[in-house]
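The values are calculated or read from the model by the stated rules, or taken from the named source; none is laboratory data. The model shown is predicted, which means the values in this text are computed figures rather than measured ones. All Cβ positions, even for glycine, are placed from backbone atoms using ideal geometry, and neighbour counts span all protein chains on display.
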Ligand SMILES: C[S@@+](CC[C@H](N)C(=O)[O-])C[C@H]1O[C@@H](n2cnc3c(N)ncnc32)[C@H](O)[C@@H]1O
């Protein structure tokens, strides 16, 4: 039997060629790329879509809206059959775009855009308000800081999905290979990963998808 060496790029290109398209999402993605807005990668979008279809959450918290691209991925994955997506963003130019997109693509009342810093929002959140699914895609150095409150917002069976946990591969490197300016993020992301994988209240898996994803389920 012949066995072939398969490099990562070939695998990624092959999978990308099988990617299913959606006109609304493709338009938003193009806008994001043209305007330097960071959004989830295609592999991450496919995985998020898949997990949501299995989990069927009703109440979703998204931290890091940008222009509401991933918000729309979530909404479409669930065919709009959800109670609410609460999504938080504090960067004014992106808030303007997010509002336009929310008006255009979502049924009224399905999405609540919180125009605030996430830390400020979480500091004042009602801890009795639980979410079925939390999508964490904002300031990477804050993941470890926000984790304790996010855990309080999870009921048994709730899912926490965090994106960019490899931070473009930086997190895999030794601390000493990282330029000084980025060492705090490196250290804090390592702490976050250590915490979610060792926490006995969570079941966590780390996946090499996109820029790295962690998926945690509250026990
Ligand atoms: C990677 S982008 C989110 C992309 C979006 N989830 C998507 O895939 O379409 C991260 C966003 O989080 C926002 N953000 C980062 N830290 C934040 C904070 N502390 N409070 C509110 N928003 C924040 C940034 O302004 C940025 O728009």
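Tabulated results
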read-out	value
Failed item, numbered, when residue 15 is tested on (1) surrounded by fewer than 21 Cβ atoms within 10 Å (Cβ to Cβ); (2) within 16 Å of the ligand (Cβ to nearest atom); (3) not in a loop (DSSP other than H, G, I, E, B)	(2)
Residues (within 16 Å of the ligand (Cβ to nearest atom) and part of a loop (DSSP other than H, G, I, E, B)) located in segment 164-207	164, 165, 166, 167, 168
Considering residues of segment 82-106 that are part of a loop (DSSP other than H, G, I, E, B) and more than 9 Å from the ligand (Cβ to nearest atom) only, the residue surrounded by the fewest Cβ atoms within 10 Å (Cβ to Cβ)	83
Condition met for residue 150 (surrounded by 19 or more Cβ atoms within 10 Å (Cβ to Cβ), more than 16 Å from the ligand (Cβ to nearest atom) and part of a helix (DSSP H, G or I))	no
All positions within segment 19-44 that are in contact with a helix residue (DSSP H, G or I) (Cβ under 6 Å, 6 or more places away or on another chain) and either closer than 24 Å to residue 153 by Cβ or in a loop (DSSP other than H, G, I, E, B) (or both)	19, 39, 40
Number of the condition not met by residue 39 [criteria: (1) buried (at least 21 other Cβ atoms within 10 Å of the Cβ); (2) within 11 Å of the ligand (Cβ to nearest atom); (3) under 15 Å from residue 213 (Cβ atoms); (4) in contact (Cβ under 8 Å) with a residue 40 or more places away in the chain]	(4)
Hits in segment 107-147 - residues which are more than 10 Å from the ligand (Cβ to nearest atom) and under 22 Å from residue 46 (Cβ atoms)	111, 132, 133, 134
Criterion (over 15 Å from residue 134 (Cα atoms) and at pLDDT 95 or above) met by exactly one of 96, 85	96
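For every residue, the table says whether it meets (1) surrounded by 23 or more Cβ atoms within 10 Å (Cβ to Cβ); (2) closer than 19 Å to residue 97 by Cα; (3) within 8 Å of the ligand (Cβ to nearest atom); (4) touching a residue at least 60 places away in the same chain (Cβ under 8 Å).
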site	(1), (2), (3), (4)
47	no, no, no, yes
53	no, no, no, no
58	no, no, no, yes
65	yes, yes, yes, no
68	yes, yes, yes, no
71	yes, yes, yes, no
76	no, yes, no, no
80	no, no, no, no
